[in-house]
Amino acid sequence: MSWTGKGETRSYHHGNLREALMQATLELIAEKGIAGVTFAEAARRAGVSAAAPYRHFRDRDELIAAVATTGFDRFAEVLKAAWQEGRPSPAAAYERMGRAYLDFARQQPSYYIAMFESGVPLEAHEGLQQAGARAFAVLREAAEVLVSHMPARPPALMVALHTWSLAHGVASLFARADGARRKLPMTPDELLEAGFLVYLKGLGGPSA
């Protein structure tokens, strides 16, 4: 694919229209936010007619859902790579997953917005729902290993949900790649590490 310039139309190879539209959507999110994504603008940037997107997507929501699905699949791979099957210790690997969460939000902001801030209903897009579940499953499986080393054995689902909420909150408030990022007297990574430490120690969790 090639751009003729920022915000202008591009050429695409025959058969790659779906990918061209998804890439255009990512770039629109980066420039204008999720509200700036329209079928017509994505088509214009892909260098096709306004009717062409209907060959692959029912409507704008389905286009954004496809982008978000790809984002969740990539996110799951990032979390798996960070977990490394709990090496060298479950606590250290779990904290590393948290840092990977923040890195993904910083490095892939358009995917992150499509995944979590688009408002696309999950129940209407089965593929998106399944991709999100696969990503969360990586976190839950890691939590299962982590709680197996805790004397009180808290529910792994609860731990996964709590730590997901913590990581997501830090990422959304303090690790954004756009102007909505809040300032901190410490790095987002330090804040998340401290939060994990307080939470997991409160549950009797193992040291990193």
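The values are calculated or read from the model by the stated rules, or taken from the named source; none is laboratory data. The structure presented is a predicted model; accordingly, all values stated were derived computationally and were not measured. A quick note on method: Cβ atoms are made from the backbone with ideal geometry, for glycine too, and the neighbour counts reach across all protein chains shown. Surface accessibility is based on the protein's heavy atoms, side chains included, excluding ligands, DNA and RNA. Shrake-Rupley method; radii C 1.70, N 1.55, O 1.52, S 1.80 Å.
This table checks each residue for (1) within 19 Å of the chain's Cα centre (by Cα); (2) modelled with pLDDT of 90 or more; (3) within 19 Å of Gly132 (Cα to Cα).
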residue: Thr9; (1), (2), (3): no, no, no
residue: Glu31; (1), (2), (3): yes, yes, no
residue: His56; (1), (2), (3): no, yes, no
residue: Asp73; (1), (2), (3): yes, yes, yes
Taking interchain pairs and intrachain pairs at least six residues apart, which have beta carbon atoms under 6 angstrom, with the first residue in the range 38-59 and farther than 16 Å from Leu26 by Cβ and the second part of a helix (DSSP H, G or I)?
Ala50/Ala40; Ala50/Ala43; Ala52/Ala43
For Leu122: the one exception among (1) hydrophobic (A, V, I, L, M, F, W, C); (2) over 18 Å from Val198 (Cα atoms); (3) open to solvent by less than 70 Å² (accessible area, probe 1.4 Å)
(3)
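Within the range 133-146, is there a residue that is among the acidic types (Asp, Glu), within 30 Å of Arg58 (Cα to Cα) and open to solvent by 40 Å² or more (accessible area, probe 1.4 Å)? Show your work before the answer.
Start the filter on the range 133-146 by keeping residues that are among the acidic types (Asp, Glu), which leaves 141, 144.
Still in the list and also within 30 Å of Arg58 (Cα to Cα): none.
The answer is no; no qualifying residue exists.
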Residues (of a type in the set (Gly, Ala, Ser) and in a helix (DSSP H, G or I)) located in the range 80-112
Ala81, Ala82, Gly86, Ala91, Ala92, Ala93, Gly98, Ala100, Ala105, Ser110
Among the residues that make up the range 33-44, is at least one of them under 19 Å from His125 (Cβ atoms), modelled with pLDDT under 95, surrounded by fewer than 19 Cβ atoms within 10 Å (Cβ to Cβ) and aromatic (Phe, Trp, Tyr)?
no
From the residues in the range 87-97 that are small (Gly, Ala, Ser) and open to solvent by 10 Å² or more (accessible area, probe 1.4 Å), which one is nearest to the chain's Cα centre (by Cα)?
Ala92
Residues of the range 113-145 being at pLDDT below 95 and part of a helix (DSSP H, G or I), which ones?
Leu122, Glu123, Ala124
The range 192-201: number of residues that are open to solvent by 50 Å² or more (accessible area, probe 1.4 Å), at pLDDT 90 or above and out of contact with any Lys or Arg (no Cβ under 9 Å at 6 or more places or on another chain)
3
Select, from Ala82, Ala100, Ala76, Ala160, the only residue that is without any contact (Cβ under 8 Å) to a residue 24 or more places away in the chain, in contact with a Lys or Arg (Cβ under 6 Å, 6 or more places away or on another chain) and open to solvent by less than 30 Å² (accessible area, probe 1.4 Å).
Ala82
Flag for Ala65 being among the small types (Gly, Ala, Ser), crowded, with 19+ Cβ neighbours inside 10 Å, under 18 Å from the mean Cα position of the chain (by Cα) and more than 18 Å from Ala171 (Cβ to Cβ):
yes
